[in-house]
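Colleague: Please find one structure pasted underneath; my questions will follow.
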Amino acid sequence: MRILSGIQPSGVLHIGNYFGMMRAAIALQAEGEAFYFVADYHALTSLQNPKAMRENSHRVALDFLACGLDPDRAALFRQSDVPQVTELAWILGTVTPFSRLELAHSYKDKVARGVAASAGLFTYPVLMAADILIYDSDVVPVGKDQKQHIEITRDIATRINETFGEVFKLPEPRIQSSTETVPGLDGQKMSKSYGNTIDIFGEEKETRKRIMSIVTDSTPVEAPKNPDTSSIVQLYSLFATEAEVAAMKKRFVAGGTGYGDFKKQLFSALWDYFAPMRARRAEILAEPSYVDEVLARGAERANAIADRVMSRVRAAVGL
Ligand code: AMP
Ligand code: TRP
């Protein structure tokens, strides 16, 4: 089984990324041949600052490794180290109906949030289809918001197969049901572009401050509170056992505890959860060339497969 996923270096990785994608990706590396990449071509649709692009790409790789990605099992590489993927994107674009892309939620959402409506942003799902198909991927672990992109990928692969014969495997999304969308500090989806994130490797003081700033209603300390609508409870349940979550919910309903206390409890659960990963990150940082070496090795493995698939594709379409 071949597993593939990507993550954009458009900012620093947050706990939405971790529970939406990275945790599943890391667990899956034991089950097959995994390929994980830093989607820098994709990030160019929103990040046009070369220094930030380079720094973020490196940091995403570092943080992914610190969280448990094992480079001896999974190939970790930069998307742009396999430029063949842009050639495949062109070929796929020639069978992709314009109307299918017009229906993509992520395009509409990003434009509504102020990202420039470039041709690149519009054809983003075609490049993503190329990312997936160029490695003959079987399984793609992603957050719920990427589900439609995988459907578009399957649709494009089917069109190629119908037009040119069996060229591509149809990939399956792997969306964990336990990882519904992780809420941000304001209760909306946690997202780099909303400024409502809790970073996986944020500084302690800053992380505490951000957690203390989670938006709540104005129920007084003494009054009972609704645990079912609270993002504090939702976030806590990512880090705590079922019994611990049940205990917090009980204290919500009982009244007498302010939101501040619940937030402190959330901070300490989160801080403990990522402690081993912070330790691993410090070890990696002590070896300055480690990340670059991992990326170079990953690129080599990815290129070998991409070259093979591209020869097959070129032959199939007559190039
Ligand atoms: P992106 O930051 O858009 O590159 O997202 C990287 C991965 O993290 C994708 O698989 C997303 O689905 C996932 N992801 C991002 N934000 C969230 C969130 N708030 N909740 C769950 N998954 C998320
Ligand atoms: N679009 C994905 C995101 O924003 C990142 C991505 C690019 C990706 N190419 C991919 C994810 C291929 C999985 C497979 O999260």
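The values are calculated or read from the model by the stated rules, or taken from the named source; none is laboratory data. Computed from a predicted structure; not experimentally measured. Neighbour counts run over all protein chains shown; Cβ positions are idealised from the backbone, glycine included.
Colleague: Assess whether T197 counts as being without any contact (Cβ under 8 Å) to a residue 40 or more places away in the chain, buried (at least 18 other Cβ atoms within 10 Å of the Cβ) and under 18 Å from the mean Cα position of the chain (by Cα).
Modeller: The answer is no for T197.
Colleague: Could you go through the range 87-95 and let me know if any residue there is touching a strand residue (DSSP E or B) at 6+ places or on another chain (Cβ under 9 Å), farther than 22 Å from Q148 by Cβ and in the same structural domain as R308 (by TED's automatic domain parsing).
Modeller: No, the range 87-95 contains no residue that is touching a strand residue (DSSP E or B) at 6+ places or on another chain (Cβ under 9 Å), farther than 22 Å from Q148 by Cβ and in the same structural domain as R308 (by TED's automatic domain parsing).
Colleague: How many residues are over 17 Å from V309 (Cβ atoms), in a helix (DSSP H, G or I) and of a type in the set (A, V, I, L, M, F, W, C) if we restrict to the range 135-178?
Modeller: Qualifying residue count, the range 135-178: 2.
Colleague: Now for a separate question. Hey, does the range 87-103 have a residue that's within 19 Å of the chain's Cα centre (by Cα) and touching a residue at least 24 places away in the same chain (Cβ under 8 Å)?
Modeller: Scanning the range 87-103 turns up no residue that is within 19 Å of the chain's Cα centre (by Cα) and touching a residue at least 24 places away in the same chain (Cβ under 8 Å).
Colleague: Quick one: which residue in K147, K169 is within 10 Å of ligand 1 (Cβ to nearest atom), under 29 Å from V317 (Cβ atoms) and surrounded by fewer than 19 Cβ atoms within 10 Å (Cβ to Cβ)?
Modeller: That would be K147, the only listed residue that is within 10 Å of ligand 1 (Cβ to nearest atom), under 29 Å from V317 (Cβ atoms) and surrounded by fewer than 19 Cβ atoms within 10 Å (Cβ to Cβ).
Colleague: Follow-up. Looking only at the range 94-139, filter to residues that are β-branched (V, I, T) and farther than 20 Å from V317 by Cβ; which one of those is nearest to ligand 2 (Cβ to nearest atom)?
Modeller: Checked the range 94-139; the qualifying residue nearest to ligand 2 (Cβ to nearest atom) is V139.
Colleague: Answer with yes or no whether E180 is of a type outside the set (S, T, Y), more than 13 Å from ligand 1 (Cβ to nearest atom) and without any contact (Cβ under 8 Å) to a residue 60 or more places away in the chain.
Modeller: The answer is no for E180.
Colleague: Among what's in the range 39-80 and is closer than 17 Å to E293 by Cβ and free of Cβ contacts under 8 Å to residues at least 12 places away in the same chain, pick the residue that is surrounded by the fewest Cβ atoms within 10 Å (Cβ to Cβ).
Modeller: Only one residue tops the list, namely D72.
Colleague: Filter the range 7-38 for residues that are surrounded by fewer than 24 Cβ atoms within 10 Å (Cβ to Cβ), within 24 Å of G184 (Cα to Cα) and touching a strand residue (DSSP E or B) at 6+ places or on another chain (Cβ under 6 Å) and give the result.
Modeller: Within the range 7-38, V12, H14, A24 qualify.
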